[in-house]
Amino acid sequence: MQVGSSRKWRDDDPRRLRMAETRASILRAARPILLRDGLGGTTLDRVAAEGGIAKMTLYRHFPSKEALFEGLVTAMCEYMREGIENAATPDINKPRADRLAEELHAFTTALLEPDALALYRLIVADGWRFPALSKVFDLSGMRVIRKRIAGLLEPGAIPSNESLTIAGGIVALALGDAYQRAIMGIVEEGDAEVFEHQIEAAIAYGLGRLGPS
C-alpha cells in the first residue's frame, strides 16, 4: 500500500493541492534564511522556528536541508526563467540598437534585484555540491537571456550559433565589472552610469559584428 507523498493523486485532488500549498509556504519561509545565511548557516530547526512551521510538516516535505536547498533553487530558477521568457519583446519596428538597449536595461535591472544577486551567490558558494542544480541555474538565466538577445539580432529566425556567440559577448559586456562588484556587495557612486556605458559598449560590439539594420 502506498503512503504519504508517494500516493498517486489526480492533479485536481484537494490533497495534492494542499500539499503543493504547504510546500510553497515552506519555501517562502526558507527563502530569506537560505539566501542570507547559505546552506552552511541554515538548519531545518531554524527554518521551522523562524517560519512558524511544524517540524513534522517540514521534515515530511524536506527530510534534509540539502533537499530544501534543491527545492528552493529549483523554484527560484523556474520563476526566473518564466520571467525572462515571458518578458515583453521590444517593438520590431524600432532600430536594432534601441531594441537591444531596451532588452539589456531590463535584464541588468532584474539581475541586480537583491534576491537574484543572493541566488547567484548561493550557487557560487554551494552549487559545486549540486552540479545538476548549477546546470538548472545556467539554463534558467544566462542561456535564456543570450537566446533572447540572439533573437533580436536575427528576428524571425532560429538563432544561429554565430548570433548566440555574439549575444554571449553582448551580455558579458553589458554586465561587466559593475555586476561583479554588485555580486560581492560593493556599491559605488556612479554604478548606474557605469552600466549605461557598459550597455552602450555591448551594443556597439554586437552591431559591429553583425552590421547595423
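Values quoted throughout were computed directly from the atomic coordinates according to the rules given, and no laboratory measurement underlies them. In this text the structure is predicted, and so the values were computed from the model without any measurement. Counting neighbours? That spans all protein chains shown, and the Cβs are built from the backbone with ideal geometry, glycine included.
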Which peptide among 108-120, 35-47, 137-149 comes first, and what is the full order, when sorted by highest mean count of other Cβ atoms within 10 Å?
137-149, 108-120, 35-47
Between the helical axis of 14-37 and the dominant principal axis of the chain, each derived from Cα atoms, what acute angle in degrees is found, rounded to the nearest 10?
60
Give me the number: length gained by fully extending residue 97 to residue 165, i.e. 0.36 nm times residue separation minus the C-alpha to C-alpha distance, one decimal in nm.
22.7 nm
Report, ordered by chain and residue number, the aspartates and glutamates lying within cross-link reach of residue 135, taken as a straight Cα distance under 17 Å and ignoring same-chain residues fewer than 8 apart.
66, 70, 78, 82, 126
Going by average Cβ density within 10 Å per residue, which order do the peptides 89-97, 185-193 take, highest to lowest?
89-97, 185-193
With label points built 7 Å along Cα→Cβ from the Cα atoms of residue 43 and residue 66, find their separation and express it in nm.
1.9
Please report the relative contact order for the chain, taking Cα pairs under 8 Å with a sequence separation of at least 6, and give it as a percent rounded to a whole number.
19
Specify the angular offset, from 0 to 90 degrees and rounded to the nearest 10, of the alpha carbon long axis of helix 161-183 from the longest principal axis of the alpha carbons in the chain.
70
When 194, 136 are ranked with the fewest other C-beta atoms within 10 Å first, the list becomes 194, 136
Descending principal axes extents, the range 81-144, alpha-carbon based, whole Å:
46, 21, 17
What whole number of Å gives the distance from the Cα centroid of the range 12-50 to the Cα centroid of the range 86-107?
36
With N residues in the chain, Rg(alpha-carbon) / (2.2 N^0.38 Å) equals 1.22
Partners for residue 55 among aspartates and glutamates (Cα-Cα distance below 15 Å; same-chain residues under 8 apart left out):
45
Between the Cα axis of helix 96-111 and the main Cα principal axis of the chain, the angle (0 to 90°, nearest 10) is 30
